[in-house]
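Here the structure comes first, spelled out in structure tokens, and everything after it is commentary.
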Amino acid sequence: MPKAPKSIFLCQQCGYQSPKWLGRCPDCGQWNSLVETQPGGQITTSRKAVSTPPQPIVSVSSRPASRLKSGIGEFDRTLGGGLVPGSMVLVGGEPGIGKSTLILQALDRYARQGLKVLYVTGEESLEQVKLRADRLSISSETLFVMAGTSVEEILQRAQQVDPKIVAVDSIQTMQTEAVGSVPGSIGQVREGASLFMGYAKGTGTSVFLVGHVTKEGAIAGPKILEHMVDTVLYFEGDAAYLYRILRAVKNRYGSTNEIGVFEMTEQGLREVLNPSSAFLQDRSEAVSGSVVVPYMEGTRPILVEIQALVGPSPFGVPRRTAVGVDPNRISLLVAVLGKRMGIEMGDQDIFVNVAGGLKLQEPACDLGIIAALMSSYLNKAVDQAMMLFGEVGLGGEVRRASHPRLRIKEAEKLGFSKCVLSKSNLGDSKGVAGIKLLGIDTILDLPQLLFE
Ligand code: TYD
Ligand code: MG
């Protein structure tokens, strides 16, 4: 009797294969990601390998690619100055964050320049797309839309229309006949993306792939997709807030330090040209516990307000709540304040919040957090015209931060007149007039500067 083909187990995150089921993928460490698959459904790569003869690097010409600019400055900058023809861009983000809106708005702007563009939806009906387009006041003649989930059919239709840019929303809904597994599975995602890649490179059409991010923050099959595409952009932000940040995490044609800041409005996404003033616009008047820090997003400084609220705990177990900053960092800084300055907050409830829904992951914000905690604890407001930055060590010493000049310049632009920073940063900060620099070695020097 012929043996039935043995099934294999395939990790939906990274593509690892195993002959038996495992609770945790030994390759990528993801739990419960192995799914039984028939060997027929194995992953093939339909793209043909191309090779060139070896040649000296000096003889390779590097034609600067002419980039397609959408005219949405924040979007173009994040892409590294525009979209490179024939490139494939993955746009990842949580459901509901605004990926479809962003892509449709960008396509419209390309279409308004007379470029033929195609938006493919696998998630919504054309009526739904039209409703959104009306809301965004989109009416370009050269913006084509189609609904479909079959990769082969989409590619065939795309070749008839011959657009300059194709957007596929989303890659997880796409299905190809080349593999037998269900849509959204690793095999389908990989093979589908590979077919679109072949199309992009073969025709010089740029392709946007929209990818959903799982609760854990990874695009399904992330490693595979991120390796394949030229550029990976993440669209993030707190759905409860209006601000959205588009971040380049990989870019074969540009820097990954770029971000774009947007605001979700009734009429779609709007660029935020001056994020600092946007994040500070609702700043409260001289209340205790509020300070402003310059936060670096890549190479871009953004001023944000950190608020702290410290008060006696009515219960035995004091509460520690941090929004937008790492709670462990708060515990550390509270311990430093206790040990080095004698400000004991062991019996106090502590709440720290970053206004606007930003997440600060930079040690340079330490000094600001310390100042906010101190200000709230002592119930004294910090000078409104002051901002601070610097990393705080366990000994209470204040350490240097990166890009001091960029931070100070941004503060100066917004009318701040004093800046507290590490003494070792003073040397790199020369040449910024109009702002008084106060260098300190340890947090012991802080109170006399904050509250005169
Ligand atoms: P959407 O682009 O559909 O998100 P995604 O494709 O990432 O899942 O947009 C999601 C949210 O944005 C939706 O809840 C409604 C909101 N929205 C606005 O606030 N204004 C608008 O003009 C549009 C089109 C959407
Ligand atoms: Mg969508």
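The values are calculated or read from the model by the stated rules, or taken from the named source; none is laboratory data. The model shown is predicted, which means the values in this text are computed figures rather than measured ones. No Cβ is skipped: glycine too gets one built from the backbone with ideal geometry, and neighbour counts run over all protein chains shown.
Points worth noting:
- So A372, is it buried (at least 17 other Cβ atoms within 10 Å of the Cβ) and modelled with pLDDT of 95 or more: yes
- S181 being crowded, with 20+ Cβ neighbours inside 10 Å and touching a Ser or Thr at 6+ places or on another chain (Cβ under 8 Å): yes
- Within the stretch 141-187, if we keep just the residues that are hydroxyl-bearing (S, T, Y) and touching a strand residue (DSSP E or B) at 6+ places or on another chain (Cβ under 8 Å), the residue that is farthest from ligand 1 (Cβ to nearest atom) turns out to be S181.
- Candidates L233, L280: the one that is within 16 Å of ligand 2 (Cβ to nearest atom), of a type in the set (A, V, I, L, M, F, W, C) and either touching a residue at least 24 places away in the same chain (Cβ under 8 Å) or crowded, with 18+ Cβ neighbours inside 10 Å (or both) is L233.
- Residue in the stretch 305-312 that is farther than 18 Å from Y377 by Cα and charged (D, E, K, R) present: no
- K116 being touching an Asp or Glu at 6+ places or on another chain (Cβ under 8 Å) and away from ligand 1 (no atom under 15 Å from the Cβ): yes
- Top-ranked residue of the stretch 222-280 - restricted to ones that are aliphatic (A, V, I, L, M) and assigned to a loop (DSSP other than H, G, I, E, B), ranked as nearest to R190 (Cα to Cα): V229
- Neighbours by Cβ (under 8 Å, 6+ apart or cross-chain): first from the stretch 87-104, closer than 19 Å to I72 by Cα and assigned to a loop (DSSP other than H, G, I, E, B); second of a type in the set (S, T, Y) and more than 8 Å from ligand 1 (Cβ to nearest atom): S87/S206; S87/T231; S87/Y253
- Unmet requirement for E152, which otherwise passes all of (1) within 16 Å of ligand 2 (Cβ to nearest atom); (2) surrounded by fewer than 17 Cβ atoms within 10 Å (Cβ to Cβ); (3) among the acidic types (D, E): (1)
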